[in-house]
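To start, the structure under review is shown below, and the notes come after it.
The values are calculated or read from the model by the stated rules, or taken from the named source; none is laboratory data. Here the structure is a predicted model, which is why all the values come from computation and not from measurement. Cβ atoms come from the backbone with ideal geometry, glycine included; neighbour counts cover every protein chain shown. The area values use the complete protein model at the heavy-atom level, side chains included, leaving out ligands, DNA and RNA. Shrake-Rupley method; radii C 1.70, N 1.55, O 1.52, S 1.80 Å.
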Amino acid sequence: MTTFKPHQLSCTRKLDIPFVREMAQITQHMWRFGWDERNGGNISYILDEHLVAEHLDIHHVIRTIKPAFPVHELAGRYFIVTGSGKYFKNVVADPEANLGVLRVSKDGEHLELLWGLKDGAVPTSELPSHFMSHIERLKVDPSHRVVIHNHATNVIAMTFIHELDENKFTKTLWEMCTECIVVFPDGIGIIPWMVPGSSEIGRATAAQMKDHRAVIWPHHGIFGTGSTIDEAFGLIETIEKAAQIYMLIVHQPIRQRITDEELADLAKAFGVTPREGILNAKQP
Ligand code: 13P
Ligand code: ZN
């Protein structure tokens, strides 16, 4: 009689692995929102070793992958990531081809593939931005776990017509929906337009992540972070909703608005501290 070890059983029923299921569900949601055309978007999610060990054989390294730069700060950490060139719409049907579980080697020089990335697939080309963002967010928030990048439609649209000053941009978003200032009192970071997939864009993104949980890449998309997939996704969802309202009203005469005083009242009522310099940012 064949006996299955727990990890082998879970490997055959991939969507039974909770973190694989979470990735499959969220990539499907984002694709349905129209934020992840073709292979657009990528996710990386830090996993606890004991959780990975419950479902996979952590002593069996399928192959090693060289990262763009050594990541000593993340040595020994486990991640589930989306593959490069993979379509979010296809993750549910074949998680093992489109996702991968990796461990950063003890010396930080290699990535050890433990599951997925079938047929020689590689992690997202935005891994430098993800890794550098994880490093910065972990410094300010030890509970940080998730980085999500996608091509949120209205956020991209807004970067063509709104000034790219991060305080002014944040202020406009706060004014669009009552709950925005409560969801992202730390504001939005914005970097200049840069070539994606590079360590340079990773460094610029991570520099913004010191102070913000979300960073906009003009004419490209957004990075959102959080302690859970729900938090990182909810942050992006809220920012995108505000950007959508902006795009709906920008050509209309404005008859009334949420005032600065009301924004301050909201922050007080919900016990959040708005980042300094945004509430009084002069609008274009
Ligand atoms: P990957 O397919 O390599 O994840 O790239 C998609 C993307 O959105 C690049 O910014
Ligand atoms: Zn992208």
For segment 115-131, does any single residue satisfy the condition of being closer than 18 Å to Gly226 by Cβ and in contact with an Asp or Glu (Cβ under 8 Å, 6 or more places away or on another chain)? no
Quick check, is Gly234 over 15 Å from Thr170 (Cα atoms), of a type outside the set (Phe, Trp, Tyr) and either in a helix (DSSP H, G or I) or open to solvent by less than 20 Å² (accessible area, probe 1.4 Å) (or both)? yes
Could you list all residues from segment 123-153 that are within 16 Å of ligand 2 (Cβ to nearest atom), out of contact with any helix residue (DSSP H, G or I) (no Cβ under 7 Å at 6 or more places or on another chain) and open to solvent by 20 Å² or more (accessible area, probe 1.4 Å)? Ser125, His151, Thr153
Out of (1) over 15 Å from the mean Cα position of the chain (by Cα); (2) more than 16 Å from ligand 2 (Cβ to nearest atom), what's the single condition that is false for Lys89? (2)
Report, by residue number, each residue of segment 27-62 that is of a type in the set (Asp, Glu), away from ligand 2 (no atom under 16 Å from the Cβ) and surrounded by 23 or more Cβ atoms within 10 Å (Cβ to Cβ). none
Pairs only if they're at least six apart or on different chains, beta carbon under 8 angstrom, first in segment 24-51 and free of Cβ contacts under 8 Å to residues at least 12 places away in the same chain and farther than 16 Å from Val155 by Cβ, second open to solvent by less than 30 Å² (accessible area, probe 1.4 Å) and not polar (S, T, N, Q); list them, first residue then second. none
Considering only segment 142-153, how many residues are under 17 Å from Gly189 (Cα atoms) and not aliphatic (A, V, I, L, M)? 3
So Ser129 passes all but one of these: (1) within 23 Å of Gly202 (Cβ to Cβ); (2) away from ligand 1 (no atom under 14 Å from the Cβ). Which condition number does it fail? (2)
Only one residue in Asp107, Asp119 is out of contact with any Phe, Trp or Tyr (no Cβ under 7 Å at 6 or more places or on another chain), assigned to a helix (DSSP H, G or I) and either surrounded by fewer than 20 Cβ atoms within 10 Å (Cβ to Cβ) or at pLDDT 95 or above (or both). Which one? Asp119
(1) of a type outside the set (Gly, Ala, Ser); (2) part of a loop (DSSP other than H, G, I, E, B); (3) touching a residue at least 60 places away in the same chain (Cβ under 8 Å): which one isn't true of Leu263, the others all being true? (2)
Is one or more of the residues making up segment 195-213 away from ligand 2 (no atom under 16 Å from the Cβ), at positive phi and either surrounded by 18 or more Cβ atoms within 10 Å (Cβ to Cβ) or in contact (Cβ under 8 Å) with a residue 60 or more places away in the chain (or both)? no
If you scan segment 15-26, which residues turn out to be of a type in the set (A, V, I, L, M) and open to solvent by 30 Å² or more (accessible area, probe 1.4 Å)? Leu15
Filter segment 237-279 down to residues that are within 18 Å of Phe169 (Cβ to Cβ) and exposed (fewer than 10 other Cβ atoms within 10 Å of the Cβ) and give me whichever is farthest from the chain's Cα centre (by Cα). Ile254
Which residue is nearest to ligand 1 (Cβ to nearest atom), if the candidates are limited to segment 66-83 and must be aliphatic (A, V, I, L, M) and buried (at least 16 other Cβ atoms within 10 Å of the Cβ)? Val81
Mind telling me which of the residues Phe160, Phe169 ends up being part of a helix (DSSP H, G or I), modelled with pLDDT of 95 or more, of a type in the set (Phe, Trp, Tyr) and surrounded by fewer than 17 Cβ atoms within 10 Å (Cβ to Cβ)? Phe160
